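The values are calculated or read from the model by the stated rules, or taken from the named source; none is laboratory data. Keep in mind it's a predicted model, so treat the numbers as computed, not measured. We place every Cβ from the backbone using ideal geometry, glycine too, and count neighbours over all the protein chains shown.
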C-alpha cells in the first residue's frame, strides 16, 4: 500500500513540479512540502508541531523529529518505520508523538526527466539509484568515494523514446481493443441470433415431435393385430443339429472359461503382491533424496492407487462362474432333451393351423376378425403382445415411426441444450464491454526454462517440456476476477503489470501435483499491443502465476492506478 | 473391515476415532531407525559396553594394562613409556607405546599406540591393501597449534610409590599423576583431582590378532556348548560384520580403542556435538528420562532426525567439557573413527565426617572408538574460556567471516531460474527487507553435474550475479563431493583419468549413488585431489561464477544413498590406503578445506578484492571452524525443532565451532505463519542466519507471509542488521580466543550452579545481551533466568528487572524477549539498508547500560568486512568504558600495540573510515543526578591528534512505571576510529 501512496505523491509531485519551478528548498524537500521549511530561524516538526528546532538542525544528519521531518535530505530518520525494531528511544509508545514518517521520501528533482521520491533508506548508502534518482542527487555525501553523475538527460531521453513508443503502442493497443470489442459484440450478436433461431427451431421441433408421437400411436395400433409368422422354428431335425453345435460350443467355452479364470486368479495374486511392494516402497522411500526416477514411480503409483480399482472381486460373480463351470446337467440343462425332441406349437400357431382348413373367403374374413379380436385382447391385456416383445418382431412401419420420432426428439433436445448453453454464455462475465468474449479459446504460447507454456483464454493453461513428452494441464478456467497488483512502476518496455487493480483469469483443478495440490494458474492481465505472456512464476508448489499482456485490458476504465511514469 | 456387533461396535468406532485423531497429531515423519546402528549392532561398541559391564560388576576388577616403570622416560616436557596389556587366556603381553606430552598452553596429551602395528608387523585379511598402522593423521587435519612443548613441566620427586608425577601448567598448578598398575592418570589442579583416566578400568585397546578358523565342532542334539569355550572371548563381532545388507570386510579384525574418563565432583558435561538434545548431556545407560544408547559420533545424513536423542548427526566434535561450581575442565578425544560415548553420573557422599558438605555428583564417561590411536587432550581450566580457549588454540579459531556471512541469507531448494533469483532479489527491496545472500541448491546444475549451469533455467548466471552485486549481495551455490558418472562430463573424466576418487576395498574406483545417480567421490585427503579441486573453482573454469559467488558444501558426511547407514563402506580406501573407517568423521572437513583453498586461489592476492572465502558445510569435525559455517541440517517446520535449535547452536558454540545456525522456518514441511515469525525472531540470534525450505514446500520468503507477519519478521531482520557491529565484534573475539558467539548461562556465570543446565536462552558475545526467543506455539510470556544480582533492562522499552531468579517478560508475537544486562556498552548501526555492505559508512549508535556499579564497558571491532587487510592491521578495535565515579565515557584503542608502526593498509583504512562517526549515545538507567543537565563535554584527539573540546546536547528522560530513566547524547560526532572522552559530570 505504501508504494501506492508513494505513487500518488509521485503523480502529485510531478504536477506541482510543472507548476512551480525550482527554488531554494532544503535538500530532499519537494515543492509540496516546501512550505514547512520556509522559516529562516526555526523548523517545526510537521506531524509534531509542539516540537521546534533551530533551522541548523534541518538536514544535519541527526534525527530530531519523531516523524523524521527534520531530515528530508539524509538517511538519519530512515529507521522510523513500522518495519524497524520498535523502541522507546524512537518515541514508540511515547504519548503524543506521531512516529509515522511525515515525508514520502527523498525528493529527487531529476531535471530533464520526471521528479520522484526515493526511500530515505537509500540516501547516502553508496549506491546510485538511477532508477528513481537519475540525477544522482541522493548520494550527495559521496560515502566511500561514490560519485553518481547526473544521468537524467540520457535516462530521460531514453525514457521519452520508450514512452513515445509505448504511447504509440498504447494507441495501437487501444485500436486493437476496439477491434476486439467489436469482435466481441459480433460474437455476442451471433449468440443472440442463434438463441432466436433456436427458439424458432425448438417451437417447430416440439410441434413435430407431437405429430410424430401421434403417428407412432396410430401405426402401433395398426400393427399390433398383424401376426408375424416368420419366427416359427422350422424343422425339428434342424433344431437338433443346432442344439448339437450349441452343446459343443458350450463345452469349449466352458473350458476356456476355466482356463481364463485360473489365469485371472494368478494375475490377481501377483497384482496384490506388486501393489504391496509398491505400497511399502511408497511408505519407505526417502523423499529427501529427490531421485527423479523414484519420485516419478511414487507419483505414478499414487495416481494408480487413487484411480478406480475397476470391478472388485465379486463373490456373486464368482458364484456365477462356478455355476457356469459345472456340468450342464447339474444346471438343469439336458441337451438330450433337445437333440431329437419335437417342438411344441404355440397357442397362436394352433389357431393358424385351424385356419388352414377353411375356404379362402372365410379365411380372409376370419383373418380380419381374428386380427381385431387379437388387438382387443391385447389391448385389454388378456393376450401377450408378442409383436412388441422383441424389436426383431417389430414391423418396419412401427420402427420407422419410432426412428422418426426419436430423431425429432433428439433434434429438439439438442436445440434445447444449445439454447441453455447459449443463454448461459450470454450471462457469463466476459469483462468490460464483453471484451474477453473475443479472446475465448484463443491461445498464446510462451517458452520459458525447460517448458513451453500455453495459455488458452477462458479455457485452460498447459505446460509442455521442450525436451518432449506429454503436456501437463495447469488448470481449467473457472472465473474472472479483479485483483490488486503491486509490482511498482511499469518498466520502460511496458511489459509489466504496474500497480493497481487488474483483471485476472483463474484456472484451477489442473493435473494433480505430486506432494502438492492440483495445479492452478492465475493469469493476470496487463495492457499490451499484442497478446503476449510476459512472465511465468511458480509462486508456490504447482501454483502458477502468468503475467500476460493483451490489448483487451488497455485503457480499461474503472481500473485505477496504472502506475509507471506514463501517468506523470 | 472388522466385523463388529452390538456394544463392541461402539468401542470400535471410538477406537477408530482415537486412531483418526492420533494420526492427525502424530507427525507424519520420523527418523528411520532401522537405517542406523544401535550400539548393540555396532560390534566394537557392544564389546566395549560388555567389557565395561564386566569391569563394573567384578568387585576386584583389575585392568590388565600396566606401565612398565623401567620404560618411563621424561624429557623436555614429554613422557614416554610402554604400557603392557596382559592377555589372560594366553599369558602373553601386548606392547603399547605411551606418550604423555605437556604443552606450553597447559594442555596435556596422552597418546597410546600399538607397537606391532606401528612396525607394520601384521597381516591383513582378504588381501586388503589397507594401511597396517593405526590411523595417526587425525592430528594433521584437526590440530594446527598450541603444541609447543612446555619447558616448565617437571617430574616431581615426591611421587607416591608406583606412580610418576609431572607438575606442569601456568604457575605449575597442574599435576598429572600416572599410576603404573593398573595404568591410569589422575589430572589435578591446585592439588585437587579433576579428571581421571581408566579409573573404572575400562581402558581397552583391541590388539591385532590373526583370525584362527576354529574347526566347527559337531554338536549333538541337546548338548550345551562346550564348557571349555565359556572362557574364550566371543568372536562374533570380530570379523566381517553385516548391517542393512552391506558387509564390512574388516581386514584388520577387532581394533577398537576405549577408555573411561571420570570427572569427580562435576555434575554436568557438555559438548560432543552434534546431537539433537539438551546442552547438558544426559546419562546414557538407561533409566527414567535418560538415554539407553550412548552418544554416537559417526557423521551421517540422518533423514528427518528426531528430537532429544543421542543419535549421531552430520558432524562430530569429540570435545567435552565438565562443569562444577567455579570450575571447568575438558577433554578432546582425537579420533576420527566411529565413536560412542556413554555418560553416567553417580552421587557420592563426600566426606561423612565433614559437616555442611553435602553429597557430590561425579560424572563418568566411557569413550569407545572403532579404530585409531588413543589420543586424548586434557584441559584443566578453571574457567570455561580457559578450556574452550585451549581447545581452540589446538584446533584453530573460527574464521573471521566476511560481514555478509553474518547477515541474513535467503535460501530455498530451489530458486528455479535466474529470473526467479532476480525477482526474489527485487522483491526484498520492494518490501524494504534487508538481506545479503541468496542461495542455489542442486537444481541450478545441468542434471546434477556440479560446475555446470542448467542452460534452460540459468541461461545467464553472470547477469544474475551482476544484479545481485548492484546492492553488494552475494550468491552461494552448492557443490557436493559426489561427481556424476556420466559420459562427456569433463569433470568426471578428469576425476577418473587422474585417479582422484575414493577407492573401494579392492582399490578400484568406488561407485555409489547420490543426487545425480551413479557417482564417484573426490578424495580430498589426497594432495593431488585437493590441487585439482582448487582449479575447478577458477572463474574461467566454473563459468558463470563471479567474485560475489560463494560455496555451500552439502552431503559431505559423505552421504551415499545406497551405502551402509547412508554413507560409504568402511573398508573403502582413501589416499595413503587409509581405510574409510579410520577417517570417516574427518572426511567432510577435508572437502570444505579443499573448497576453502579453492576460493582463496581463484582470486589473485594482489587483487583489491582478495576476499575471505565463505563455505557452508553440513559435515564437520574439530577444526572445521577455521573454514566457514555449519548448519544443523535437515530439520522440520515444527515447534520442537525450533526449540531444539537453541541448545544445538549453544552446543556448537562451546564446541569451538560457533558459526552455527538452523534452517529458519524448518526445512521439511510448511510452517504456520506464527512458527515462521517466531523462527525468524530466534534466527536473528543464530550466528549463522539463513532461511531455507525443501523443494516440496510452499514459498515462504518473508514478504509472502502477509501482515502482521511480514512486518514482524522484518523487524527481527532489521534488529539483526542494526546489531551487526556487535555480532561482528563477537565473531572477531571468537576468531582470536575461541569464545562462543552466543553463550549459554554456565559459560557466562560459571559459579551459578542453578543455571548449569539452562540451554533455552543465550547471551550475545560479551555484551550482556540476553535473548530468550519464544519457541512454543501461542506463548505470550517468557520466563527468563537471571543468574546474578544485576539489573537487566528490556531492550526495547527499558523495563527494569533484577536478578537473581526468574523473571517473566511479556512476549506477544511482535516481541522478542531480549534483555540488556547492566554494565555493558554495545554498538549498533540503526539506519536500515538493503544489505550489510551498504551500511559500511553509516554512523554508529552506542548503548551504555548502567547497572548497580554505575560502570559499563564494551568493545567494537571493525574492518572492511571482506578482505584480509585486517591481518595487516587495517581495522578499528576500540574499548568503550563508562566510569560511574567520574561520569565519563571513553574510547580507547585496543589495537594500540599493533598501531605503533601502522602499515599502509592500516592507515588507508582509518582514512577511509575517518568520517564515520558516533551519531548517538543512549544511556540506559541514566543517573537521576543528570536531571536538568543539558550538555556534555567532548574531548577528542586522545589518540594523538589535537582537537578543541566542545559541547553537545544531552536529553535526559526520567524513569516511569517500571522503566528505567534514559538519556541520549545528541550527535556527539566523535569518530568511531578515534580516541575521545565525554564528560557527563
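A few remarks follow.
- Condition met for residue A:115 (touching a residue at least 12 places away in the same chain (Cβ under 8 Å) and not assigned by TED's automatic domain parsing to the domain that holds residue A:32): no
- Only a single criterion out of (1) within 14 Å of chain A (Cβ to nearest Cβ); (2) assigned to a helix (DSSP H, G or I) is not satisfied by residue B:529, namely (1).
- A search for C-beta distances below 7 Å between a residue of the range B:864-878 that is in contact (Cβ under 8 Å) with a residue 60 or more places away in the chain and any residue that is surrounded by 21 or more Cβ atoms within 10 Å (Cβ to Cβ) and in a helix (DSSP H, G or I), counting only pairs 6+ apart in sequence or on different chains, returns B:865/B:403; B:866/B:403.
- Taken as a whole, the condition of being surrounded by 12 or more Cβ atoms within 10 Å (Cβ to Cβ) and under 47 Å from the mean Cα position of the chain (by Cα) applies to residue A:279.
- Any hit, the range B:895-917, residues being in a strand (DSSP E or B) and farther than 24 Å from residue B:614 by Cβ: yes
- Selection within the range B:889-906 - at pLDDT 70 or above and surrounded by 15 or more Cβ atoms within 10 Å (Cβ to Cβ): B:889, B:890, B:891, B:892, B:893, B:894, B:895, B:902, B:903, B:905, B:906
- Of A:468, A:431, A:449, all but one fail to be within 14 Å of chain B (Cβ to nearest Cβ), surrounded by 14 or more Cβ atoms within 10 Å (Cβ to Cβ) and at pLDDT below 90; the exception is A:449.
- Scanning the range A:510-541 for residues that are under 15 Å from residue A:554 (Cα atoms) and either within 14 Å of chain B (Cβ to nearest Cβ) or not in a loop (DSSP other than H, G, I, E, B) (or both) returns A:524, A:525, A:526, A:527, A:532.
- Against the criterion of being over 49 Å from the mean Cα position of the chain (by Cα), at pLDDT below 75, within 29 Å of residue B:796 (Cα to Cα) and within 12 Å of another protein chain (Cβ to nearest Cβ), residue A:91 qualifies.
- The listed residue being crowded, with 16+ Cβ neighbours inside 10 Å, in contact with a helix residue (DSSP H, G or I) (Cβ under 8 Å, 6 or more places away or on another chain) and within 13 Å of another protein chain (Cβ to nearest Cβ), out of B:454, B:469: B:454
- Number of the condition not met by residue A:76 [criteria: (1) closer than 24 Å to residue B:917 by Cβ; (2) touching a helix residue (DSSP H, G or I) at 6+ places or on another chain (Cβ under 9 Å); (3) modelled with pLDDT under 95]: (3)
- Residue count for the range A:478-509, restricted to those that are part of a strand (DSSP E or B) and under 24 Å from the mean Cα position of the chain (by Cα): 18
- Residues in the range B:418-436 that are within 8 Å of another protein chain (Cβ to nearest Cβ), touching a helix residue (DSSP H, G or I) at 6+ places or on another chain (Cβ under 9 Å) and closer than 14 Å to residue A:538 by Cα: B:419 only.
- Residue in the range B:88-96 that is out of contact with any strand residue (DSSP E or B) (no Cβ under 9 Å at 6 or more places or on another chain) and assigned to a helix (DSSP H, G or I) present: no
- Checking each residue in the range A:40-70 for being farther than 22 Å from residue B:843 by Cα and in contact with a helix residue (DSSP H, G or I) (Cβ under 7 Å, 6 or more places away or on another chain) picks out A:40, A:41, A:42, A:43, A:46.
- Apart from one condition, residue B:785 fits all of (1) touching a residue at least 40 places away in the same chain (Cβ under 8 Å); (2) closer than 30 Å to residue B:329 by Cα; (3) surrounded by 20 or more Cβ atoms within 10 Å (Cβ to Cβ); (4) touching a strand residue (DSSP E or B) at 6+ places or on another chain (Cβ under 6 Å); the exception is (3).
- Any hit, the range B:652-669, residues being away from every other protein chain (no Cβ under 14 Å) and in a helix (DSSP H, G or I): yes
- Among the residues of the range B:709-730, the ones that are facing chain A (nearest Cβ under 9 Å) and assigned to a loop (DSSP other than H, G, I, E, B) come to 0 in all.
- Hey, residue A:63 part of a loop (DSSP other than H, G, I, E, B), facing chain B (nearest Cβ under 9 Å) and crowded, with 17+ Cβ neighbours inside 10 Å or not: yes
- A residue that is in a strand (DSSP E or B) and either touching a helix residue (DSSP H, G or I) at 6+ places or on another chain (Cβ under 9 Å) or within 14 Å of residue B:891 (Cβ to Cβ) (or both) cannot be found anywhere in the range B:928-935.
- Residue, nearest to the other protein chains (Cβ to nearest Cβ), within the range A:127-138, restricted to residues that are touching a helix residue (DSSP H, G or I) at 6+ places or on another chain (Cβ under 8 Å) and under 16 Å from residue B:467 (Cα atoms): A:127
- Residues of the range B:845-880 that turn out to be over 25 Å from residue B:469 (Cα atoms) and within 14 Å of another protein chain (Cβ to nearest Cβ), as a count: 5
- Screening residue B:889 with (1) in contact (Cβ under 8 Å) with a residue 24 or more places away in the chain; (2) within 14 Å of chain A (Cβ to nearest Cβ); (3) part of a strand (DSSP E or B) gives one miss only, at (2).
- Options B:702, B:687; residue that is within 14 Å of chain A (Cβ to nearest Cβ) and either closer than 27 Å to residue B:441 by Cα or surrounded by 20 or more Cβ atoms within 10 Å (Cβ to Cβ) (or both): B:702
- Number of the exception - residue B:813 against (1) outside any strand (DSSP E or B); (2) surrounded by fewer than 20 Cβ atoms within 10 Å (Cβ to Cβ); (3) away from every other protein chain (no Cβ under 14 Å): (3)
- Hey, residue B:794 under 20 Å from residue B:726 (Cβ atoms), facing chain A (nearest Cβ under 10 Å) and in contact (Cβ under 8 Å) with a residue 24 or more places away in the chain or not: yes
- Test: residue in the range B:671-680 that is within 17 Å of the chain's Cα centre (by Cα) and either away from chain A (no Cβ under 14 Å) or surrounded by 22 or more Cβ atoms within 10 Å (Cβ to Cβ) (or both): no
- Screening residue A:400 on (1) modelled with pLDDT of 75 or more; (2) exposed (fewer than 12 other Cβ atoms within 10 Å of the Cβ) shows it passes everything except condition (2).
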